[in-house]
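Following: one structure in structure tokens, then a few remarks.
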Amino acid sequence: MAADERRKVGRFFREIKAEMKKVTWPTRNDLLTYTEVVLVVVIAFTLLIFLADSAFSYLLKLIIKS
């Protein structure tokens, strides 16, 4: 690896370190709250899609039988 490439790699990692210092990490309580919200939303949408799928399946069965 040439000296110029090593400098570029070193600069890249220094910039990563500088950017990571700017990150505001969530607290444990925030993380638990966000996780709960995501799980509730996923469950709600799963139920919504399940109910819609069941309704469409039922309607299609009625149409096919007639």
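All of the numbers you see were taken from the coordinates with simple rules; none came from a lab. Just so it is clear, the structure is predicted and the values come from calculations on it, not from any experiment. Here the Cβ positions follow ideal geometry from the backbone for every residue, glycine too, while neighbour counts run over all protein chains shown.
Could you point to the residue in ALA2, LEU31, PHE12 farthest towards the positive end of the chain's charge dipole, with +1 and -1 charges on the Cβ of Lys/Arg and Asp/Glu respectively?
So the residue we want is ALA2.
Label points 7 Å out from Cα along the Cβ direction at TYR58 and GLU15: separation in nm?
A separation of 5.8 nm, rounded to one decimal place.
For ARG28 and PHE45 in the same chain, what is the full-extension length gain: residue separation times 0.36 nm, less their Cα-Cα distance, in nm? Mind dumping the intermediate values first?
Working: separation 17, 0.36 × 17 = 6.12 nm, distance 2.59 nm.
Result: 3.5 nm gained on full extension.
When N counts the residues of the chain, how does its alpha-carbon radius of gyration compare numerically with 2.2 N^0.38 Å, as a ratio? Walk me through the intermediate numbers first.
Details: Rg = 25.9 Å, N = 66, 2.2 N^0.38 = 10.8 Å.
With N residues counted in the chain, Rg over 2.2 N^0.38 Å equals 2.39.
Would you calculate a helix-derived [θ] at 222 nm for the chain, using -39,500 (n - 2.57) for each DSSP H run of n ≥ 4 and dividing by the full residue count, to the nearest 500?
Working: 2 runs with 58 residues, N = 66.
Estimated from H runs of four or more residues: -31500 deg cm²/dmol.
About the Cα centre of the chain, how large is the charge dipole given +1 on each Lys and Arg Cβ and -1 on each Asp and Glu Cβ? Please answer in debye to the nearest 20.
Values: 11 positive and 7 negative charges, 72 e Å.
Here the chain has a charge dipole of around 340 debye.
Mind checking which aspartates and glutamates have their C-alpha under 12 Å from LYS17, skipping anything on the same chain fewer than 8 residues away?
Qualifying aspartates and glutamates at Cα under 12 Å: none.
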